[in-house]
Each structure stands twice: as C-alpha cells, then as structure tokens.
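None of the figures in this text is laboratory data; all of them are computed from the coordinates on show. Here the structure is a predicted model, which is why all the values come from computation and not from measurement. Note that we place each Cβ from the backbone using ideal geometry, even for glycine, and neighbour counts take in every protein chain shown.
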Amino acid sequence: MPLRAEKLLSVVTIIFLSLALPSYALDVPLNTRASVYFSPLGGATQAIVAEIGKAKAEILIQAYSFTSKPIAGALVKARKAGVNIAIILDKGNLSDQYSAAAFTANAGIPTFLDAIHNIAHNKVMIIDRETVITGSFNFTRSAEFENAENLLVIKSRELANAYIANWNLHRQHSQEYKGSGTFKQEQKKQGINRIFRY
C-alpha cells in the first residue's frame, strides 16, 4: 500500500475511533497527581482508610462488593464527624439479610441499589470533589490479602467532576435501600461480623 494511502487510512481510523468514544470521555492532564497500589498486601486498604480520614465534606461511593471492616469503620467515623456520604451498591446486596447495604443504611449512610445493570461493577470513591479512588480493587478483605488487584488514588478536580456526573447518572436509576432497619442489637452485631472482616 502506498505511503499516502496508509496515512489517509490512519487519519480515517483515528477519526472513526474518536467518534466511537462515549461523549463523557475525559482526557486528564498529565500533571495529575496519583498514587498506585498493587495487591496482595500492597497497602490499598490503608490508603483508602487514610483518604476517608481526610474527608471534610463529602464522600460518594460506588461499590460492587463491600466487606472491608477497616473501610466500613472509617466511613462510620467520617459520618459521625459530619461528612456527607452516599453509596450505590450492586443489587446483589439485596439478597442477604445482613448485607453491606443493611450495615451502611443502619449507620445513617444513604444507600442505593443499582439494579438496572447486569452487574454494577464500579469500585469508586470520590472525596471532597477532588480525590478519586478507583481501580479493580473491591472494598474487601480478599482484595487486600488474596487477589491480584490495583488501586489508584488520583487528585484531580476535573476527573472528580466526571466521576460525580457518572455517580449522579447511576443514582437516578438506583432505588433507595429499604431494609428492615429494626435489627435487634445482637442481630446487628452478628450481621456486621458476618459481612465485615479485617
């Protein structure tokens, strides 16, 4: 193929691919500050807990699986300190009487279930509209100790705004979790211990 035709094909391919990208795709400046963690035993859980501890006003969460006791504890502590927190979980949390949804709702954290998708597989935290925590890392003990995972902590208001827009999009079609909310204290403890581990 002549060089001129190859160049033309390359330009057409680039244009086609750019048109095929979702309209909410975002290019983030290269000078964005980020930290990366790899599991197992790469410190991702501690990094998440530390970022939650720095929150001043707001934490928005999307989680598929959420069973990490340190992360749950950090969220409850932040909630008690006046940080506004809201969480969207996968619909699978509805099937268990003592799910993460029950825990967060009973801790006073507005909790929603995303049942529109086959799996609501996001693993995202947006803190104070400037810190984005994401990656393959589920908020679980297994993700820290057993799995091969990655976690990014990114400081970028532009990126945070894109994630907030996506969070709001999913919030619109998610249903508020309406669990029993009347657990006896002992049942509540058993449920928390069954779900949340280190």
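Given Cα pairs under 8 Å that are at least 6 residues apart, what percent is the relative contact order of region 29-195? Over region 29-195, the number comes to 31 percent.
Taking all C-alpha pairs of region 29-195, those more than 28 Å from each other amount to 16 percent. Taking amide H as placed 1.01 Å from N in the peptide plane, Y177 has its amide H under 5 Å from the amide H of T111, F112, L113, each at least 5 places away in sequence or on another chain. Cross-link check: pairs K91/K155; K56/K178; K69/K91; K80/K123; K56/K91; K155/K178 evaluated at a Cα-Cα cut-off of 25 Å; pairs beyond the cut-off: K91/K155; K56/K178; K56/K91; K155/K178. Sites listed here are GluC sites (Glu not before Pro) in region 68-166 whose DSSP assignment is loop and whose Cβ has at most 14 other Cβ atoms within 10 Å: E130, E146.
For region 77-153, the equivalent ellipsoid derived from the alpha-carbon gyration tensor has semi-axes of 19, 19, 13 Å in decreasing order.
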